[in-house]
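The values are calculated or read from the model by the stated rules, or taken from the named source; none is laboratory data. Model, not experiment: these values are computed from the prediction. Cβ placement follows ideal geometry from the backbone for every residue including glycine, while neighbour counts extend to all protein chains displayed.
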Amino acid sequence: MDYLSLCGDTSDNIPGVPGIGEKTARELVSSLGSVEDIYARVDEIKRKAVREKLIAGREKAEMSKKLATLRYDVPIEAGVEGLAAKPPDLETLRRLYRELEFTALYREVRVQGKEKKDVKEKALADLAMDRVSIAGSFQGKNAGDLELLAFAAFDGEGVFLSDDVADLAVVLRSAKEVIGHDLKAFFVVAGDLLQEKKVFDTMLAAYLANPLRKDLAPGPIVEEYLDADISAADAASSLRGLAVCLPDLADALRARLHELELSDLFFGTELPLVAVLAGMEKAGVRIDRRKLGELSRDLDHRLTEIVKDIYAHSGGPFNINSPQQLSRVLFEVLGLTPVKKTKTGFSTDTSVLEALSGTHPLPGRILEYRTLAKLKNTYVDVLPTLINPRTGRIHTTFNQMVAATGRLSSSDPNLQNIPARGQEGPKIRESFVPADGCLLLSSDYSQIELRVLAHLSGDEDLIATFHRDEDIHSTVARDVFGVTTDSVTQDMRRAAKVINFGIIYGMSAFGLARELGVGQREAQEYIDNYFERHRAVREFMDGIIEEARTKGFVRTLLGRMRFIPELGNSDPAVRQLGERVAMNTPIQGTAADIIKMAMINIHRAIRLKSLSSRLILQIHDELLFEVAPGETDPVKQLVREEMEKVIELKVPLTVSIGIGHSWAEAH
């Protein structure tokens with residue numbers, strides 16, 4: 001141990017004396033003895049460098065000896081019997097593995113004696129209809145043709161299994177509280193029976209507790225919160241096992257939401273929204289096949305002409321959809337200067353073609369071709385094939401548990417991506433029409449994310465601009481470009497719009513320069529001018545990043561959490577991404593929460609007033625309604641009031657409303 005006290009041992013965290021190696025340590029111990037003897041005779045050491053190192057490192061040498069010494073005089077209170085190895089506490093071990101995210105080790109440890117609940121079969125008439133958990137299996141692509149295959153209902157004592165939707169109706173009508181995992185499907189097949197019920201959705205609760213979670217299937221969630229295994233050999237046993245564990249899972253998730261201060265958001269917004277989304281999916285939207293057919297033929301003609309023009313500019317036919325062949329034409333045949341490389345050659349993506357458009361006509365025509373081909377192949381030709389033959393409408397699926405910010409998304413098909421601008425976008429929206437005798441009403445929040453930014457940052461200039469109902473983009477253009485309001489041009493306003501929304505998304509000078517087509521120094525000057533005028537915004541952004549670093553998450557105004565692990569990454573690029581996420585989430589997430597609350601309130605108000613009109617689409621900041629005959633004025637008034645008064649901010653919320661015989665006309 002004297003030897004280790006001098007040269008140290010990194011494997012045991014014994015520092016030793018800095019500068020004293022193994023050879024010198026052996027010589028010192030051999031000639032002088034113990035550490036104490038060495039320091040008693042340190043002046044006798046002839047080598048000056050060694051002597052000085054020992055004197056300077058005496059404290060470390062003494063500490064190292066303490067670390068290296070095996071102590072035999074420690075009082076041991078336990079007897080020999082108490083030191084015998086005991087069976088491991090598997091439950092504690094699994095909890096520790098789960099907490100430390102040692103997934104492989106966690107799955108290796110199985111808790112013995114954790115038997116599945118022994119529950120009896122019950123008849124429907126014998127179910128206690130107090131707190132009932134339900135698990136179901138369904139078939140169908142979407143709400144337009146969703147059908148119940150089977151379900152299990154558990155009342156705390158016994159399980160009832162059935163494949164009859166009439167039995168499900170009895171359960172849902174009679175139960176005082178209903179617990180399920182992904183309740184939206186039950187709302188679709190038996191919606192009205194659940195409308196005013198006390199419900200709890202464990203899938204939704206698990207998502208809200210951790211919106212970064214990718215797997216929302218019941219198995220992993222039950223395993224995490226209950227440390228139980230619900231895998232089963234057949235479908236009936238699977239439904240039975242899930243129904244039995246759902247009450248305990250709901251209790252565990254309820255406690256977790258309370259711990260995270262998410263209960264109000266869950267019970268006040270997310271849970272009531274399930275019924276709204278189910279109603280929208282079931283309602284669907286009507287499409288005019290004839291208009292889409294006409295547009296398809298028009299696009300065919302235009303694409304044919306564009307292809308001829310492309311071949312004329314390129315010197316002959318080639319596969320326009322092949323990046324390799326297009327690259328050869330652009331950079332070998334035409335000799336254009338490559339902009340960037342990929343693993344397979346020179347890039348021909350949109351940014352490259354836009355950069356090359358000023359040097360030759362071909363890149364611009366390729367962009368036109370891609371735009372029209374995408375519209376035709378993604379929407380114009382596809383939408384008619386998605387019309388449900390029974391309802392005559394398209395039924396999208398609204399995803400409530402995907403985006404970490406809380407934003408809703410749409411899939412199969414994605415109706416939130418229907419273009420609104422350009423020459424063709426409105427033509428596609430013209431094909432979205434109401435039922436016979438009805439009208440479409442579009443209500444759109446005006447610049448809601450910028451209004452949320454003004455509220456959260458408390459920036460007095462932004463707040464005053466919104467209160468005066470001034471054009472926020474023109475005002476920012478005035479500040480950034482240093483001109484009077486009357487001197488703001490359309491180009492300046494467009495640039496200011498990019499800056500405004502770029503600030504929300506944490507856009508860098510490089511990104512802004514690329515968006516505006518200006519130099520990076522000029523873009524940085526725009527950003528500096530913005531923050532010079534709106535210092536409260538800068539302070540808010542810096543503060544939210546610091547808070548995210550400290551806590552590991554950010555919150556929206558309504559308390560929604562988003563964890564940001566990227567901020568702890570060693571890669572600077574990933575950390576910068578985390579900073580952008582931290583800046584954007586409170587703004588985008590709050591805007592998403594606001595429109596969700598508005599949807600719930602409008603849905604409730606329509607039911608209370610016994611109106612026949614219905615909400616059919618949500619497109620981020622826009623809501624689309626199918627208005628029944630004679631209900632235009634009351635629905636318009638109701639929608640405006642509920643959307644503008646849904647929450648009190650430091651700035652007013654304003655809504656633009658349009659009505660027409662198509663989505664394009666209403667918007």
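Take the conditions out of contact with any Asp or Glu (no Cβ under 7 Å at 6 or more places or on another chain) and within 24 Å of PRO272 (Cβ to Cβ) and apply them to MET583. Does it pass?
Details: out of contact with any Asp or Glu (no Cβ under 7 Å at 6 or more places or on another chain): yes; within 24 Å of PRO272 (Cβ to Cβ): no.
No.
Condition check: of a type outside the set (Asp, Glu), under 30 Å from GLY158 (Cβ atoms) and outside the structural domain of CYS245 (by TED's automatic domain parsing). Does ARG47 satisfy that? Don't jump to the end; show me each part of the working.
Numbers: of a type outside the set (Asp, Glu): yes; under 30 Å from GLY158 (Cβ atoms): no; outside the structural domain of CYS245 (by TED's automatic domain parsing): yes.
Judged against the criteria, ARG47 is not a match.
Just one of (1) over 12 Å from SER443 (Cα atoms); (2) surrounded by fewer than 17 Cβ atoms within 10 Å (Cβ to Cβ); (3) touching a residue at least 24 places away in the same chain (Cβ under 8 Å) trips up HIS603, so point out which.
(2)
Conditions first: (1) more than 24 Å from ALA125 (Cα to Cα); (2) assigned to a helix (DSSP H, G or I). ALA233 passes all but one, so which condition is the exception?
(2)
Listed here are the residues, each with its yes/no results for (1) at pLDDT 95 or above; (2) closer than 26 Å to LYS596 by Cα; (3) touching a Phe, Trp or Tyr at 6+ places or on another chain (Cβ under 9 Å).
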| position | (1), (2), (3) |
| --- | --- |
| ASP215 | no, yes, no |
| ILE230 | no, no, no |
| GLY268 | yes, yes, no |
| VAL274 | yes, yes, yes |
| GLY279 | yes, yes, yes |
| ASP288 | yes, no, yes |
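Among the residues of the range 503-534, how many are in contact (Cβ under 8 Å) with a residue 24 or more places away in the chain and in a helix (DSSP H, G or I)?
Summing the residues that are in contact (Cβ under 8 Å) with a residue 24 or more places away in the chain and in a helix (DSSP H, G or I) in the range 503-534 gives 8.
hydroxyl-bearing (Ser, Thr, Tyr), more than 30 Å from LEU408 (Cα to Cα), surrounded by fewer than 13 Cβ atoms within 10 Å (Cβ to Cβ) and at pLDDT below 95: is that true of SER357 in this structure?
Details: hydroxyl-bearing (Ser, Thr, Tyr): yes; more than 30 Å from LEU408 (Cα to Cα): yes; surrounded by fewer than 13 Cβ atoms within 10 Å (Cβ to Cβ): no; at pLDDT below 95: yes.
Answer is no for this residue.
Could you give me the residue pairs with C-beta distances under 7 Å whose first residue belongs to the range 1-24 and is touching a residue at least 60 places away in the same chain (Cβ under 8 Å), whose second residue is surrounded by fewer than 19 Cβ atoms within 10 Å (Cβ to Cβ) and in a loop (DSSP other than H, G, I, E, B) wherever it lies, and which are 6+ apart or on separate chains?
That search, which allows pairs on different chains as well, returns MET1/THR69; ASP2/SER34.
At pLDDT below 90 and touching a Cys at 6+ places or on another chain (Cβ under 8 Å): is that true of GLU22 in this structure? Steps first, answer last, please.
Working: at pLDDT below 90: yes; touching a Cys at 6+ places or on another chain (Cβ under 8 Å): yes.
When the stated conditions are applied, GLU22 passes them.
In this structure, does SER133 turn out to be in contact with a Pro (Cβ under 7 Å, 6 or more places away or on another chain) and assigned by TED's automatic domain parsing to the domain that holds GLY219?
Numbers: in contact with a Pro (Cβ under 7 Å, 6 or more places away or on another chain): yes; assigned by TED's automatic domain parsing to the domain that holds GLY219: yes.
Yes: the conditions hold for SER133.
With the structure loaded, tell me whether LEU450 is in a helix (DSSP H, G or I) and outside the structural domain of ARG535 (by TED's automatic domain parsing) or whether it fails that test.
On the way: in a helix (DSSP H, G or I): yes; outside the structural domain of ARG535 (by TED's automatic domain parsing): yes.
Against the criterion (in a helix (DSSP H, G or I) and outside the structural domain of ARG535 (by TED's automatic domain parsing)), LEU450 qualifies.
Any idea how many residues of the range 556-583 are in contact (Cβ under 8 Å) with a residue 24 or more places away in the chain and touching a Leu at 6+ places or on another chain (Cβ under 8 Å)?
11
Which condition number in (1) of a type outside the set (S, T, N, Q); (2) part of a helix (DSSP H, G or I); (3) under 19 Å from LEU265 (Cα atoms); (4) more than 22 Å from the chain's Cα centre (by Cα) is the one that GLU196 fails?
Every listed condition holds for GLU196 apart from (2).
For every residue, the table says whether it meets (1) part of a loop (DSSP other than H, G, I, E, B); (2) more than 56 Å from the chain's Cα centre (by Cα); (3) among the aromatic types (Phe, Trp, Tyr); (4) loosely packed, with under 13 Cβ neighbours inside 10 Å.
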| position | (1), (2), (3), (4) |
| --- | --- |
| LEU54 | no, yes, no, no |
| LYS60 | no, no, no, no |
| LEU67 | no, no, no, no |
| TYR72 | yes, yes, yes, yes |
| PRO75 | yes, no, no, yes |
| LYS86 | yes, no, no, yes |
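Among residues belonging to the range 172-193 that are in contact with a helix residue (DSSP H, G or I) (Cβ under 6 Å, 6 or more places away or on another chain) and in a loop (DSSP other than H, G, I, E, B), point out the one that is farthest from TYR225 (Cα to Cα).
Per the stated criteria, the residue is LEU183.
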